[in-house]
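The values are calculated or read from the model by the stated rules, or taken from the named source; none is laboratory data. Predicted model, so just to flag it, every value in this text is computed and none were measured. All Cβ positions, even for glycine, are placed from backbone atoms using ideal geometry, and neighbour counts span all protein chains on display.
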Amino acid sequence: MTNADQISILLVEDDPNLCMVLQDFLELMSYNVVIATDGLSGLRNFKNHSIHLCILDVMLPKMDGFSLAKEIRQINPQMPIIFLTAKSLKEDRLKGFQLGCDDYITKPFSTEELHLRIKAIMRRCYKQMPGIQDDSIKIGKFRFDVKNQVLHSGFGDQTLTRKEAGLLKLLFEYKNQVLTREEALQKIWGDSDYFIGRSMDVFIVKLRKYLREDPDVTITNVHGIGFKLEVKD
């Protein structure tokens, strides 16, 4: 996916003036735009259209943006999401990143800034994962299907989100070596912002939970530096 005219964006914004401005701008940039003015209609439009990226206002009638994002994640765990909000509270930003959002923009913002962020996210989300030629890799008792983002084992299958899969792949590339926080943040999130760093910690906890059935596979913290995926052969 390289051209903007191949990309459909779901825009859910209840401010009619801002919604119109953003729709006009995104269409001028050759994106296909599907709009909704409340959370429920946003979810309905997501189900009824082929969407590549969601831009969600946090404060929405009928269903807020965070709840809408959870519903979207249940349908498509890999869907890129940008939150728009008039709030700048730390708790809101943390909640957004913990939900796995790809970016968080505080109003007011420039349309050019939004466009640059969309392009950066689309490059990250829809590029092929480099570095592994095989579609699957072995991690202890697990087989990680990189292409389909599924962790297989005798304990059952676990579908990963795009960021979980990207982080696990990167940890594997540094197997039994230290992966620095800075490199992980830049490669998976494209930024080393404090709040994104907190989000990464949440994803590390989730990966540990998925891998806990095999005691020979552990993700350890290297204090002040980063993480290490340790696999006993």
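Worth a mention:
- Test: residue in the stretch 112-119 that is more than 20 Å from the chain's Cα centre (by Cα) and at pLDDT 85 or above: no
- Against the numbered list (1) part of a helix (DSSP H, G or I); (2) at pLDDT below 90, residue 168 comes up short only at (2).
- Near pairs, Cβ below 7 angstrom, 6+ apart or cross-chain, from the stretch 120-145 (more than 12 Å from residue 173 (Cα to Cα)) to any residue that is at pLDDT below 50: 122/1; 126/1
- Residue among 150, 205 that is exposed (fewer than 14 other Cβ atoms within 10 Å of the Cβ) and at pLDDT 85 or above: 205
- The criterion of being closer than 19 Å to residue 124 by Cβ, among the hydrophobic types (A, V, I, L, M, F, W, C) and not in a helix (DSSP H, G or I) holds for residue 179.
- Output for the stretch 29-66, where each listed residue is among the small types (Gly, Ala, Ser) and out of contact with any Pro (no Cβ under 8 Å at 6 or more places or on another chain): 30, 36, 41, 42, 50, 65
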